[in-house]
1. Sort 33-39, 282-288 by packing, meaning the average of other beta carbons within 10 Å per residue, with the highest value first.
2. Please get the size of the charge dipole for the chain, origin at its Cα centre, with Cβ charges of +1 on Lys and Arg and -1 on Asp and Glu, quoted in debye to the nearest 20.
3. Over the chain, what is the relative contact order in percent, taking alpha-carbon pairs closer than 8 angstrom and at least six residues apart?
4. Counting Lys and Arg as +1 and Asp and Glu as -1, what is the net charge of the other residues whose Cβ lies under 15 Å from the Cβ of ARG86?
5. Counting alpha carbon pairs within less than 8 Å and at least 6 residues apart, what relative contact order, in whole percent, applies to the stretch 131-229?
6. Sum -39500 (n - 2.57) across every DSSP H segment of at least 4 residues in the chain, then divide by the residue count to get the 222 nm mean residue ellipticity, nearest 500.
7. Using a 10 Å cut-off on Cβ atoms, rank the peptides 68-74, 135-141 from the highest mean neighbour count down.
8. Roughly how many Å is it from the Cα centre of the stretch 14-35 to that of the stretch 123-142, as a whole number?
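All of the numbers you see were taken from the coordinates with simple rules; none came from a lab. Please read these numbers as outputs of a predicted model, since none were measured by experiment. All Cβ positions, even for glycine, are placed from backbone atoms using ideal geometry, and neighbour counts span all protein chains on display.
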Amino acid sequence: MQAVFNSNRRSVVVLGMGGTIAGEGDDPSQTLTYQAGARSVARLMADLPLPCRAQIEATGCAVIGESVAQIDSKDIKWTHWWDLARRVVHWLDEPSVQGLVVTHGTDTLEETAWFLDQVLGHRTRFKPVVITCAMRPATAADADGPQNLADAVVVAASGAVRGVVACVAGEVFSAQAVQKVHPTRVNAFDGGPVSHIATVHSGVVQRENPGDALPLVSQSRWDRWLTPETPIPKQPWVECVWHTGAASSQLLPLLASAGVDGVVVAATGNGTVNEEWLMQLQSMSVAGVAVRCATRCSHGALVGDIEKGQTFSGLAFYPGLNAVKSRVQLCLDLI
Ligand code: SIN
């Protein structure tokens, strides 16, 4: 469903995926129990308070809304990612569109951001895709969604950032850096080892740091999967496993014998695992299971042999990616 808000030539498109930003609860004082994804994008836009509308109107852009899904992002599926990417591509190809906003649940926002970043590649070089969210449902007396939505539209219209970014609580993070770090507070995200790349306040975007380098190529290996006529590729079976103190030695052989395609180990510290796990991972790798390592630390990036893309114990890793984004990347690499 599409809804037009303003009517100008330049436009920003808001694609809705659900989440708390579209959540409804019975009690305006309650911010923890509600149904995520209950409201359409049209409703979110129609309910924007006057100051948020004024900030959007000042961009001079029309806003077009379309609900792609209305889900709690813990329920997101592989097919949702592809459906979203295809709608993003559809709108990016429209000459009048300056940029896109995606409203999304906070819980898996960083995975969707990395997925879009990878499959869209060069397409976002001149038109940003700005993902936003909220920690309080739309029915909360102090809902944070309306301002986040207005901020995201302002960022998408501004031309100040490129690529796939997340805009939350006045800060803009790259898709590679953004991570959810808190289960309840309003500023629930940070940029891990990297600071925000821009801020947005009262309709003003201020660029503060360089973002990620964007691909220059005009074609990517994903292009053929981004047309609606092509069936969505089958999802490889990739699991994320945590290496812990007193780690069980039973899980990895079970996964291997069940036919897993890949595992991402959220390893201790700078990508370490105990001897038993190392041997099991090595034999899984020899047997054809794709093994990647990430750190389970919430901040900082793995340091290893960057040229070989390996930790010092020889496990492959994706530089700069946390475990959940490494899993997205491995799924894509195994297609
Ligand atoms: C969700 O991720 O859809 C629910 C939680 C949230 O958006 O904060």
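1. 33-39, 282-288
2. So the magnitude is around 640 debye.
3. Across the chain, relative contact order equals 15 percent.
4. Within the 15 Å Cβ shell, the charges total -2.
5. Averaging sequence separation for qualifying contacts and normalising by length gives 22 percent for the stretch 131-229.
6. Helix-only estimate at 222 nm: -7500 deg cm²/dmol.
7. The peptides rank, most packed first, as 135-141, 68-74.
8. Value for the Cα centre distance between the two parts: 13 Å.
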